[in-house]
1. Ignoring ligands and nucleic acids, what accessible area does E85 show with a 1.4 Å probe (Å², nearest 10)?
2. Can you figure out the FRET efficiency of R30 with V96, using R₀ = 35 Å and their beta-carbon distance, to the nearest 0.05?
3. Using a 1.4 Å probe on the protein chains only, how many percent of the accessible area of segment 60-116 belongs to carbon and sulfur?
Amino acid sequence: MQPYQHILLAADFSEHGEEVSEHAKDLAERYQAKLSVLHVVDNLPVTDSIYGPIIPFDVDITDQLIKASKEKLDEIGARLGIPAERRWVEVGSPKVEIVRVAEEEGVDLIIVGSHSRKGLGILLGSTASSVIHHAKCDVLAVRLMED
Ligand code: AMP
(Lines give C-alpha, C1' and ligand atoms only; values in the text may rest on other atoms or scores of the structure.)
Protein backbone atom coordinates (compact mmCIF):
# COMPACT_ATOMS: atom_id res chain seq x y z
CA MET A 1 0.00 0.00 0.00
CA GLN A 2 1.23 3.45 -0.93
CA PRO A 3 1.47 5.80 2.07
CA TYR A 4 -0.99 8.68 1.98
CA GLN A 5 0.62 11.87 0.72
CA HIS A 6 -2.12 14.47 0.98
CA ILE A 7 -4.84 14.33 3.63
CA LEU A 8 -7.88 16.60 3.61
CA LEU A 9 -9.74 17.37 6.82
CA ALA A 10 -13.36 18.40 6.21
CA ALA A 11 -14.15 20.77 9.09
CA ASP A 12 -17.73 21.71 9.95
CA PHE A 13 -16.82 23.52 13.20
CA SER A 14 -19.16 21.31 15.21
CA GLU A 15 -18.55 20.38 18.84
CA HIS A 16 -16.97 17.09 17.73
CA GLY A 17 -14.63 18.78 15.27
CA GLU A 18 -11.64 18.62 17.56
CA GLU A 19 -11.87 14.84 17.81
CA VAL A 20 -11.94 14.54 14.01
CA SER A 21 -9.09 16.99 13.56
CA GLU A 22 -6.90 15.10 16.04
CA HIS A 23 -7.28 11.99 13.85
CA ALA A 24 -6.26 14.02 10.82
CA LYS A 25 -3.20 15.39 12.58
CA ASP A 26 -2.16 11.98 13.87
CA LEU A 27 -2.47 10.33 10.45
CA ALA A 28 -0.64 13.15 8.69
CA GLU A 29 2.23 12.73 11.15
CA ARG A 30 2.32 8.96 10.79
CA TYR A 31 2.35 9.12 6.99
CA GLN A 32 4.49 12.27 6.81
CA ALA A 33 1.68 13.56 4.58
CA LYS A 34 0.62 17.08 3.66
CA LEU A 35 -2.48 18.12 5.64
CA SER A 36 -5.10 20.55 4.30
CA VAL A 37 -8.36 21.73 5.83
CA LEU A 38 -11.60 22.67 4.07
CA HIS A 39 -14.78 24.30 5.30
CA VAL A 40 -17.76 24.71 2.99
CA VAL A 41 -20.16 27.59 3.56
CA ASP A 42 -23.52 26.12 2.71
CA ASN A 43 -25.31 28.38 0.25
CA LEU A 44 -28.84 27.62 1.37
CA PRO A 45 -31.14 30.65 1.15
CA VAL A 46 -32.07 32.27 4.45
CA THR A 47 -35.80 31.77 4.98
CA ASP A 48 -38.51 32.93 7.31
CA SER A 49 -40.39 30.01 8.84
CA ILE A 50 -43.65 32.01 8.76
CA TYR A 51 -43.64 31.96 4.97
CA GLY A 52 -42.22 28.46 4.63
CA PRO A 53 -39.06 27.45 2.84
CA ILE A 54 -40.04 29.08 -0.46
CA ILE A 55 -39.56 32.78 0.14
CA PRO A 56 -35.98 33.75 0.96
CA PHE A 57 -35.08 36.97 2.73
CA ASP A 58 -33.32 39.46 0.53
CA VAL A 59 -30.08 39.18 2.46
CA ASP A 60 -26.81 37.58 1.66
CA ILE A 61 -24.71 36.69 4.64
CA THR A 62 -22.28 34.63 2.60
CA ASP A 63 -19.46 37.18 2.91
CA GLN A 64 -19.78 37.29 6.69
CA LEU A 65 -19.84 33.50 6.84
CA ILE A 66 -16.73 33.27 4.66
CA LYS A 67 -14.92 35.76 6.90
CA ALA A 68 -15.95 33.92 10.08
CA SER A 69 -14.97 30.59 8.49
CA LYS A 70 -11.52 31.90 7.62
CA GLU A 71 -11.00 32.96 11.23
CA LYS A 72 -12.05 29.52 12.46
CA LEU A 73 -9.80 27.82 9.92
CA ASP A 74 -6.91 29.96 11.09
CA GLU A 75 -7.43 28.66 14.64
CA ILE A 76 -7.61 25.05 13.45
CA GLY A 77 -4.70 25.53 11.06
CA ALA A 78 -2.52 27.00 13.78
CA ARG A 79 -3.38 24.13 16.13
CA LEU A 80 -2.68 21.45 13.52
CA GLY A 81 0.30 23.12 11.86
CA ILE A 82 -1.48 23.60 8.53
CA PRO A 83 0.00 26.50 6.53
CA ALA A 84 -2.29 29.38 5.44
CA GLU A 85 -2.24 28.32 1.77
CA ARG A 86 -3.85 24.99 2.67
CA ARG A 87 -6.72 26.42 4.74
CA TRP A 88 -9.58 26.49 2.26
CA VAL A 89 -13.10 27.93 2.29
CA GLU A 90 -15.58 27.16 -0.50
CA VAL A 91 -19.22 28.09 -0.97
CA GLY A 92 -21.76 25.48 -2.03
CA SER A 93 -22.95 22.08 -0.99
CA PRO A 94 -20.51 20.47 1.49
CA LYS A 95 -20.93 16.96 0.04
CA VAL A 96 -20.20 18.22 -3.49
CA GLU A 97 -17.41 20.64 -2.65
CA ILE A 98 -15.47 18.23 -0.42
CA VAL A 99 -15.30 15.68 -3.26
CA ARG A 100 -14.49 18.31 -5.91
CA VAL A 101 -11.70 19.98 -3.94
CA ALA A 102 -10.18 16.62 -3.00
CA GLU A 103 -10.04 15.64 -6.65
CA GLU A 104 -8.66 18.97 -7.85
CA GLU A 105 -5.99 19.14 -5.17
CA GLY A 106 -4.76 15.55 -5.54
CA VAL A 107 -5.91 14.50 -2.08
CA ASP A 108 -5.59 10.76 -1.39
CA LEU A 109 -7.40 10.60 1.97
CA ILE A 110 -10.42 12.62 3.12
CA ILE A 111 -11.29 12.71 6.81
CA VAL A 112 -14.87 13.41 7.90
CA GLY A 113 -16.87 12.91 11.06
CA SER A 114 -19.78 10.49 11.03
CA HIS A 115 -22.81 10.50 13.30
CA SER A 116 -25.06 7.54 13.82
CA ARG A 117 -28.31 8.51 12.08
CA LYS A 118 -31.86 7.80 13.02
CA GLY A 119 -35.22 8.72 11.48
CA LEU A 120 -35.04 11.54 8.97
CA GLY A 121 -31.27 11.57 9.02
CA ILE A 122 -31.21 8.14 7.41
CA LEU A 123 -33.58 9.25 4.67
CA LEU A 124 -31.68 12.43 3.90
CA GLY A 125 -28.29 10.80 4.13
CA SER A 126 -25.26 12.44 5.69
CA THR A 127 -22.33 14.39 4.33
CA ALA A 128 -20.07 11.53 5.35
CA SER A 129 -21.99 8.86 3.45
CA SER A 130 -22.22 11.00 0.33
CA VAL A 131 -18.49 11.73 0.39
CA ILE A 132 -17.74 8.03 0.90
CA HIS A 133 -19.89 7.14 -2.12
CA HIS A 134 -18.63 9.82 -4.49
CA ALA A 135 -14.98 10.44 -3.64
CA LYS A 136 -12.38 8.92 -5.92
CA CYS A 137 -9.92 8.54 -3.05
CA ASP A 138 -10.07 6.83 0.35
CA VAL A 139 -12.30 8.36 3.02
CA LEU A 140 -11.95 7.91 6.77
CA ALA A 141 -15.22 8.49 8.63
CA VAL A 142 -14.42 9.13 12.29
CA ARG A 143 -17.26 7.72 14.36
CA LEU A 144 -18.77 10.41 16.56
CA MET A 145 -20.63 9.34 19.63
CA GLU A 146 -23.99 10.98 20.31
CA ASP A 147 -24.34 12.54 23.77
P1 AMP B 1 -22.90 15.72 8.82
O2 AMP B 1 -23.28 14.71 7.80
O3 AMP B 1 -23.46 17.08 8.56
O4 AMP B 1 -23.16 15.23 10.22
O5 AMP B 1 -21.32 15.93 8.71
C6 AMP B 1 -20.43 14.85 8.79
C7 AMP B 1 -19.04 15.36 8.52
O8 AMP B 1 -18.98 15.97 7.22
C9 AMP B 1 -18.53 16.44 9.48
O10 AMP B 1 -17.98 15.87 10.66
C11 AMP B 1 -17.45 17.09 8.63
O12 AMP B 1 -16.27 16.29 8.60
C13 AMP B 1 -18.07 17.06 7.24
N14 AMP B 1 -18.82 18.30 6.97
C15 AMP B 1 -20.14 18.53 7.16
N16 AMP B 1 -20.46 19.78 6.83
C17 AMP B 1 -19.32 20.36 6.41
C18 AMP B 1 -18.99 21.67 5.94
N19 AMP B 1 -19.89 22.63 5.81
N20 AMP B 1 -17.70 21.92 5.58
C21 AMP B 1 -16.76 20.94 5.67
N22 AMP B 1 -17.01 19.71 6.13
C23 AMP B 1 -18.27 19.42 6.49
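The values are calculated or read from the model by the stated rules, or taken from the named source; none is laboratory data. From a predicted model like this one, the values you see are computed outputs, not experimental measurements. As a convention, Cβ positions derive from the backbone with ideal geometry for all residues, glycine included, and neighbour counts pool all protein chains shown. Just so you know, the surface numbers come from the protein's heavy atoms only, side chains and all, with ligands and any DNA or RNA stripped out. Shrake-Rupley method; radii C 1.70, N 1.55, O 1.52, S 1.80 Å.
1. Near enough 130 Å² of accessible area.
2. Working: r = 29 Å, r/R0 = 0.84.
The computed FRET efficiency comes out at 0.75.
3. On the way: 1510 of 3020 Å².
With neighbouring chains kept in place, the figure for segment 60-116 is 50 percent.
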